[in-house]
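Notes follow the structure.
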Amino acid sequence: MKFIDVYERLPSLYVRLVHSKKKLRRALRHLGMNDEATDADATTFYKEGDATFIVYMNKNALHHDATEDIGLLAHEATHVAQGYFRAIGEEFPSDEFYAYPVQAVTQELCLSHFEWKKRRIAKNLS
């Protein structure tokens, strides 16, 4: 399973985006977590105290436009940042310090998501 180290200047933070329940279950098992698949449009999974995160974006959310996708991914990036700061013991990050992982994770999630969405839409058109 590939996780992306999203920000080299901070302690390691790993995040993976998945779009199917099958891949979500596999990723959760890889982290030793219970199968907690959901029907939500997007959800973030992690073990408290761990800096490895799985973001699930339901593949049935293809009807969303880019603005909605980015909003969902930024929302999930915020949850990643919250869990990340707890994992590294940072109780009161400054606004700027908090913004760095949110920005980096949002960028990585958007890159992964829009690459996936482009392939998915092309596949559906053929």
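Brief remarks follow.
- Members of the range 43-68 that are aliphatic (A, V, I, L, M) and either in a loop (DSSP other than H, G, I, E, B) or open to solvent by 30 Å² or more (accessible area, probe 1.4 Å) (or both): 51, 62, 66
- Residue list for the range 63-115, restricted to those being among the aliphatic types (A, V, I, L, M), touching a residue at least 40 places away in the same chain (Cβ under 8 Å) and touching a helix residue (DSSP H, G or I) at 6+ places or on another chain (Cβ under 9 Å): 66, 70, 73, 80, 104, 105, 109
- Selection from the range 11-42 of residues that are in contact with a Phe, Trp or Tyr (Cβ under 9 Å, 6 or more places away or on another chain), open to solvent by 30 Å² or more (accessible area, probe 1.4 Å), within 24 Å of residue 85 (Cβ to Cβ) and modelled with pLDDT under 85: 11, 36, 38, 40
- Scanning the range 87-111 for residues being closer than 23 Å to residue 18 by Cα and either open to solvent by 40 Å² or more (accessible area, probe 1.4 Å) or among the charged types (D, E, K, R) (or both) gives a total of 5.
- Meets criteria (of a type outside the set (D, E, K, R), in a loop (DSSP other than H, G, I, E, B) and more than 12 Å from the chain's Cα centre (by Cα)) for residue 71: no
The values are calculated or read from the model by the stated rules, or taken from the named source; none is laboratory data. Keep in mind the model is a prediction, meaning the values are calculated, not measured. All Cβ positions, even for glycine, are placed from backbone atoms using ideal geometry, and neighbour counts span all protein chains on display. Calculation scope for accessible area: heavy atoms of the full protein, side chains included, ligands and nucleic acids excluded. Shrake-Rupley method; radii C 1.70, N 1.55, O 1.52, S 1.80 Å.
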